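Heads up, the thing below is written out as structure tokens.
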Amino acid sequence: MFEKLDRLPDDPILGLMAAFRADSAPQKVDVGVGVYRNDRGETPILEAVRRAEQLVFEKESTKAYIAPEGNAAFNAAMEKLVFGNAHSLFATGRMRTVQSPGGCGALRLGAELIRLGSRESIVHVSNPTWGNHVPLVGGSGLRIERYPYYDAATGGVAFAAMVAALNALPERSVVLLHASCHNPTGADLSETQWRELLPVFKRRALLPFIDMAYQGLGAGSAEDAFGPRLFAAELPELLVAVSCSKNFGLYRERVGTLHVIGETPAAADASLSQLTRIARTMYSMPPDHGAAIVQEILASTALSECWVEELSAMRERIVGLRRALVQQLARSCPERDFSFIGRQQGMFSFLGVTVEQARALRECHHVYLTDDSRMNIAGLRDSNLEYFAQAVAHVLM
Ligand SMILES: Cc1ncc(COP(=O)(O)O)c(C=O)c1O
């Protein structure tokens, strides 16, 4: 059986991480990996998480199964976090939520649900999009196509081209959108642009499938959820895949949610029943620990305040680094405009160098970023911004 299998090439990001670890140069810089880092280069456990985890240990009396849809209190708390406490949706009874193994699990659950609704559905993803969207969503058997999104000339969204493409889609197409902190470009839709997309979705009866993996790391928890909140108020159907990996720092605990909004409470119920069946056939039940931690945090005013402060500190660090990087690059590469980095949000940006230049950064300057020049801003530190900017200037010469 297995000798017929081909050996697959290594994942480029994992290869990059291994090369970084093996590099003994003290000045090495890792902007390749996709996790948040503090100024000491660590991905720390949040204080709110440590305190909540202690409570979970004290309270937990059994390891018996919970349910395919996960922890009900966690799901309810996440609905409030994602949509806000007073969203009009809550009065309609049209939303159902399942806990998922991370944002990835939520994306796959959503894709499987869409496939059950219509096997012929095509999911349109932004060009470019997070590399894992294609195997995660396409792995369910759905076809994937791309709509124009990133404008490399401005570092922003190619909004006119995006709208023109969405306007030309067949009715009832599925459109995957990033709520905020677009991965890999950092180019986000403005509130005005979200509003302008709404009539397009209405006219073409498009189904939005929104991926929210970075709530709170862009402009703020409410600001980053502007798109999902607006669409939930105005459209009959919506899917939102949420990850708690980044904003709670719970990466390895695998915790997220999928929110499905149906046209009627009965349609939402039917979707929930299908989702629990899908979960049963894939992994049966989601892991509990991370969800229990998030639920403890969201249920306690003191822990929530602590978490909000820590989340704000992560966001402010990213915003500060973006500003400082723009200044450093303006000094070291005055002939090139990097101001777009300051207008983008979240951890990622394309530096906009060629594959050869990205390799030269690695080989000559110990700066590790992927060949497509995506960089994780949170991998920089105050102490190496100048070094990084000079390395960029050197490869651009
Ligand atoms: C855009 C996007 N969506 C979803 C995820 C899913 O994250 P996880 O499955 O670790 O919660 C990530 C993680 O990197 C991401 O960048």
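Aliphatic (A, V, I, L, M), part of a helix (DSSP H, G or I), at pLDDT 95 or above and open to solvent by 30 Å² or more (accessible area, probe 1.4 Å), is that true of Val308?
Here the answer is yes, as Val308 does meet what is asked.
Buried (at least 17 other Cβ atoms within 10 Å of the Cβ) and within 13 Å of the ligand (Cβ to nearest atom) - does that describe any residue in segment 80-97?
Taking every residue of segment 80-97 in turn, none turns out to be buried (at least 17 other Cβ atoms within 10 Å of the Cβ) and within 13 Å of the ligand (Cβ to nearest atom).
Name every residue in segment 130-155 that is surrounded by fewer than 19 Cβ atoms within 10 Å (Cβ to Cβ) and away from the ligand (no atom under 16 Å from the Cβ), in order of residue number.
Of everything in segment 130-155, those that are surrounded by fewer than 19 Cβ atoms within 10 Å (Cβ to Cβ) and away from the ligand (no atom under 16 Å from the Cβ) turn out to be Gly141, Leu142, Arg143, Glu145, Pro148, Asp151, Ala152, Ala153, Thr154.
Inside segment 311-337, can you point out the residues that are of a type in the set (A, V, I, L, M, F, W, C) and either assigned to a helix (DSSP H, G or I) or open to solvent by 10 Å² or more (accessible area, probe 1.4 Å) (or both)?
Leu311, Ala313, Met314, Ile318, Val319, Leu321, Ala324, Leu325, Val326, Leu329, Ala330
Tell me which residues, restricted to segment 90-126, are within 23 Å of Phe248 (Cβ to Cβ) and in contact with a helix residue (DSSP H, G or I) (Cβ under 7 Å, 6 or more places away or on another chain).
Those that are within 23 Å of Phe248 (Cβ to Cβ) and in contact with a helix residue (DSSP H, G or I) (Cβ under 7 Å, 6 or more places away or on another chain): Met95, Arg96, Thr97, Val98, Gln99, Ser100, Cys104, Leu107, Arg108, Leu109.
Just to be sure before I move on: is Leu275 within 19 Å of Gly220 (Cα to Cα), open to solvent by less than 30 Å² (accessible area, probe 1.4 Å) and of a type outside the set (Val, Ile, Thr) in the structure I sent?
Spelling it out, it is not the case that Leu275 is within 19 Å of Gly220 (Cα to Cα), open to solvent by less than 30 Å² (accessible area, probe 1.4 Å) and of a type outside the set (Val, Ile, Thr).
Only one of these is surrounded by 13 or more Cβ atoms within 10 Å (Cβ to Cβ) and within 15 Å of the ligand (Cβ to nearest atom): Leu176, Leu169. Name it.
One residue alone meets the criteria, Leu176.
If I filter segment 167-186 for residues that are modelled with pLDDT of 95 or more, within 16 Å of Phe83 (Cβ to Cβ) and part of a loop (DSSP other than H, G, I, E, B), do I get at least one hit?
Checked against the condition, which is being modelled with pLDDT of 95 or more, within 16 Å of Phe83 (Cβ to Cβ) and part of a loop (DSSP other than H, G, I, E, B), segment 167-186 yields at least one hit.
Picking from Ala324, Ala330, Ala292, Ala279, which residue would you name as being touching a residue at least 24 places away in the same chain (Cβ under 8 Å) and more than 30 Å from Phe74 (Cβ to Cβ)?
It is Ala324.
Could you tell me which of the residues Gly216, Gly227 is on the phi > 0 side of the Ramachandran plot, within 21 Å of the chain's Cα centre (by Cα) and open to solvent by less than 40 Å² (accessible area, probe 1.4 Å)?
Gly216
Looking at Leu361, Leu396, Leu369, which is the one that is of a type in the set (A, V, I, L, M, F, W, C), at pLDDT 95 or above and either open to solvent by less than 10 Å² (accessible area, probe 1.4 Å) or over 25 Å from the mean Cα position of the chain (by Cα) (or both)?
Leu361 is the lone residue from the list that is of a type in the set (A, V, I, L, M, F, W, C), at pLDDT 95 or above and either open to solvent by less than 10 Å² (accessible area, probe 1.4 Å) or over 25 Å from the mean Cα position of the chain (by Cα) (or both).
If I filter segment 251-266 down to residues being open to solvent by less than 10 Å² (accessible area, probe 1.4 Å) and in a loop (DSSP other than H, G, I, E, B), which single residue comes out as farthest from the ligand (Cβ to nearest atom)?
Gly262
Taking segment 114-129, which residues are open to solvent by 60 Å² or more (accessible area, probe 1.4 Å) and more than 20 Å from Met162 (Cβ to Cβ)?
Across segment 114-129, the qualifying residues are Arg115, Leu116, Gly117, Arg119, Glu120.
The values are calculated or read from the model by the stated rules, or taken from the named source; none is laboratory data. Predicted, not measured: the structure shown is a model, and the values here were computed from it. Using ideal geometry, Cβ is built from the backbone for each residue, glycine included, and neighbour counts are taken over all protein chains shown. Surface areas here come from the heavy atoms of the whole protein model, side chains and all, with no ligands, DNA or RNA. Shrake-Rupley method; radii C 1.70, N 1.55, O 1.52, S 1.80 Å.
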